[in-house]
Amino acid sequence: MEIDINRLDLEFQAKIDSGKTIEPKDWMPEKYRKTHIRQISQHAHSEIVGMLPEGNWITRAPSLRRKVTLLAKVQDEGGHGLYLYSACETLGISRDELFEQLHSGKAKYSSIFNYPAVTWADMGAVGWLVDGAAIMNQVMLTRTSFGPYARAMVRICKEESFHQRQGFEIMLSLCNGTAVQKHMAQESLNRWWWPSLMMFGPRDEESTHTEQAIKWKIKLKTNDELRQQFVDQTVPQIELLGLELPDPAIKWNEERGHYDFGPINWDEFWRVVGGNGPCNRERLAARKEAWEKGAWVREAALAYAEKQENLREAV
Amino acid sequence: MKKEWPVWEVFIRSRSGLDHRHAGSVHAADAKMALENARDVYTRRQEGVSIWVVPSASITASDPEEGGELFEPAKDKVYRHPTFYDLPDELTHM
């Protein structure tokens, strides 16, 4: 039996190495299954919880154009959560179990959504920086080894490009506006910059999952590589907006061919991951409330479907 | 009562003249709701002109373990392809 598992393991790895995708019914190591359930569900929960800070601004958008855009973006996030939950369920876990893990705190979601969106400029910064950082990670994941996850990512990436563009457009309008508006944009950039850099996760030397994740092609680049790519991409955009850099240590390094940047406050990172960020309790409470208050709808719809089914059989 | 809405597989015809293709799945209490959910989840950008929904439980899938038995017999039947036949270059329209 021992030998058999080893052989299956080797064949499995060879399959991934040769660029083949793993499909739900294929044999897979238990750890591969568990890791994927954890990662895909965390990703799905992030989409769903990510609707909260933006949903809050829909009724207060400054124009109809901004309002329909924000509404469409939040709807997309709901859709993206659903694609991901479906992909996750192919690994043999139910939707209810996934929600249960979110509500009990067993499953995590991206810590970025534990920060509050306090001004309209935050709708700009979130789209530009937060979605920008997420897209970087998601583009990489379109080539991940688990088929349903990779396919969901392709769909998500196609739809998300507008999320980042509309965010940048909001920032641009504010930067071209009054001094007060530009100040609002600057403050928003300053607030979201560091949490955005933290989105890529702990430094490589402290990231416990990286090595295995790269072997299974769940990750094709390390946290630090992606973070650097994000900084390199974003600094010229900050300059284009005419805003001040949010970190005085940002400086082009000719030798490395990358921007240097200052140290990240990892204590803050771990504090927010650990449940003590500015909005952790509020976000989770909102999700739980929606779930509990929606229970009667779920039950009534099922009862109605069963009744219709019985009537049809009786005819 | 602790029962989930069943899962439905969603197939979408993207344009008239094309096949329906698997797009993903949704949860819904009945077929009508499954169609509505599929519309909301998979066609927010006019990705389709027609949707099929099928209860996932009704699908019988082949077992990947039996892939060899099922598909390999066709492997050595190259004579089923037009390029197997040696014909002169002068021959056209064939």
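The values are calculated or read from the model by the stated rules, or taken from the named source; none is laboratory data. For clarity, every value in this text was computed on a predicted model and none was experimentally measured. Here the Cβ is made from the backbone with ideal geometry for all residues, glycine too, and neighbour counts use every protein chain on show. We work out accessible area using only protein heavy atoms, side chains counted, and drop any ligands, DNA or RNA first. Shrake-Rupley method; radii C 1.70, N 1.55, O 1.52, S 1.80 Å.
Residues are listed down the side, and each one gets a yes or a no for (1) basic (Lys, Arg); (2) over 15 Å from the mean Cα position of the chain (by Cα); (3) farther than 18 Å from A:VAL126 by Cβ:
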site	(1), (2), (3)
A:ARG38	yes, no, yes
A:GLU54	no, no, no
A:ARG65	yes, yes, no
A:THR69	no, yes, no
A:LYS73	yes, no, no
A:LEU84	no, no, yes
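If you scan the range A:268-307, which residues turn out to be within 12 Å of chain B (Cβ to nearest Cβ) and open to solvent by less than 60 Å² (accessible area, probe 1.4 Å)? Write out each step before concluding.
As a first pass, look at the range A:268-307 and keep what is within 12 Å of chain B (Cβ to nearest Cβ): A:294-307.
Residues satisfying the conditions are A:GLY294, A:ALA295, A:ALA300, A:ALA301, A:LEU302, A:ALA303, A:ALA305.
Yes/no per residue for (1) in contact (Cβ under 8 Å) with a residue 40 or more places away in the chain; (2) within 12 Å of chain B (Cβ to nearest Cβ); (3) open to solvent by 20 Å² or more (accessible area, probe 1.4 Å):
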residue	(1), (2), (3)
A:GLN39	yes, no, yes
A:GLN42	yes, no, yes
A:LEU52	yes, no, yes
A:SER63	no, no, yes
A:GLN75	no, yes, yes
A:HIS80	yes, yes, no
A:GLN101	yes, no, yes
A:GLY105	yes, no, yes
A:ALA117	yes, no, no
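Would you list the strands (runs of 3 or more DSSP E) that sit entirely within the range B:1-92 and hold 2 or more residues that are under 18 Å from A:TYR83 (Cβ atoms) and open to solvent by 60 Å² or more (accessible area, probe 1.4 Å)? Working first, answer last.
Values: elements: B:7-13, B:20-27, B:50-55.
Strands (runs of 3 or more DSSP E) meeting the threshold: B:20-27.
Applying the selection to the range A:287-301, what residues are under 11 Å from B:ALA29 (Cα atoms) and under 31 Å from the mean Cα position of the chain (by Cα)? Explain how you work it out, then say what you get.
Within the range A:287-301, the first condition is being under 11 Å from B:ALA29 (Cα atoms), and the residues that meet it are A:297-301.
Residues satisfying the conditions are A:VAL297, A:ARG298, A:GLU299, A:ALA301.
If A:SER41 meets every condition in (1) under 25 Å from B:GLN46 (Cβ atoms); (2) among the hydroxyl-bearing types (Ser, Thr, Tyr); (3) in contact with a Leu (Cβ under 6 Å, 6 or more places away or on another chain) apart from one, which number is that one?
(1)
Within the range A:55-79, track down each residue that is assigned to a loop (DSSP other than H, G, I, E, B) and among the hydroxyl-bearing types (Ser, Thr, Tyr). Steps first, please.
Initial filter on the range A:55-79 (assigned to a loop (DSSP other than H, G, I, E, B)): A:56-57, A:61-63.
Scanning the range A:55-79 gives a single hit, A:SER63.
Do we find that A:LEU129 is crowded, with 17+ Cβ neighbours inside 10 Å, within 14 Å of the chain's Cα centre (by Cα) and part of a helix (DSSP H, G or I) in this structure?
Numbers: crowded, with 17+ Cβ neighbours inside 10 Å: yes; within 14 Å of the chain's Cα centre (by Cα): yes; part of a helix (DSSP H, G or I): yes.
Considered against the rule, which asks whether it is crowded, with 17+ Cβ neighbours inside 10 Å, within 14 Å of the chain's Cα centre (by Cα) and part of a helix (DSSP H, G or I), A:LEU129 comes out as yes.
So A:ILE93 passes all but one of these: (1) more than 30 Å from A:LEU174 (Cα to Cα); (2) open to solvent by less than 40 Å² (accessible area, probe 1.4 Å); (3) touching a residue at least 12 places away in the same chain (Cβ under 8 Å); (4) within 11 Å of chain B (Cβ to nearest Cβ). Which condition number does it fail?
That leaves (4) as the condition not met.
Can you tell me which residue among A:LYS34, A:LYS15, A:LYS25 is within 13 Å of another protein chain (Cβ to nearest Cβ), closer than 23 Å to A:LEU220 by Cα, without any contact (Cβ under 8 Å) to a residue 24 or more places away in the chain and open to solvent by 50 Å² or more (accessible area, probe 1.4 Å)? Spell out how you get there, then give the answer.
Details: A:LYS34 fails: within 13 Å of another protein chain (Cβ to nearest Cβ); A:LYS25 fails: closer than 23 Å to A:LEU220 by Cα.
On inspection, the qualifying residue turns out to be A:LYS15.
If we scan the range A:151-168, do we find a residue that is over 18 Å from the mean Cα position of the chain (by Cα), over 30 Å from A:PHE12 (Cβ atoms), crowded, with 18+ Cβ neighbours inside 10 Å and touching a residue at least 24 places away in the same chain (Cβ under 8 Å)?
Pass one, the range A:151-168, residues over 18 Å from the mean Cα position of the chain (by Cα): A:168.
Next, from what is left, pick out any that are over 30 Å from A:PHE12 (Cβ atoms): A:168.
Then keep just the ones that are crowded, with 18+ Cβ neighbours inside 10 Å; that gives A:168.
Next, only the ones that are touching a residue at least 24 places away in the same chain (Cβ under 8 Å) stay: A:168.
There is at least one residue in the range A:151-168 that is over 18 Å from the mean Cα position of the chain (by Cα), over 30 Å from A:PHE12 (Cβ atoms), crowded, with 18+ Cβ neighbours inside 10 Å and touching a residue at least 24 places away in the same chain (Cβ under 8 Å).
Criterion first (assigned to a helix (DSSP H, G or I), within 14 Å of another protein chain (Cβ to nearest Cβ) and at pLDDT below 95) does A:LEU8 satisfy it?
Yes.
Confirm whether A:SER86 is open to solvent by less than 30 Å² (accessible area, probe 1.4 Å) and out of contact with any Phe, Trp or Tyr (no Cβ under 9 Å at 6 or more places or on another chain). Break it down into steps so the answer makes sense when it comes.
Values: open to solvent by less than 30 Å² (accessible area, probe 1.4 Å): yes; out of contact with any Phe, Trp or Tyr (no Cβ under 9 Å at 6 or more places or on another chain): yes.
Yes; evaluated as a whole, the condition is true for this residue.
State all residues of the range A:184-213 that are open to solvent by less than 30 Å² (accessible area, probe 1.4 Å) and within 19 Å of A:GLN164 (Cβ to Cβ); if no residue qualifies, say none.
Hits for the range A:184-213 are A:ALA185, A:SER188, A:LEU189, A:TRP192, A:TRP193, A:PRO195, A:SER196, A:LEU197, A:MET198, A:PHE200.
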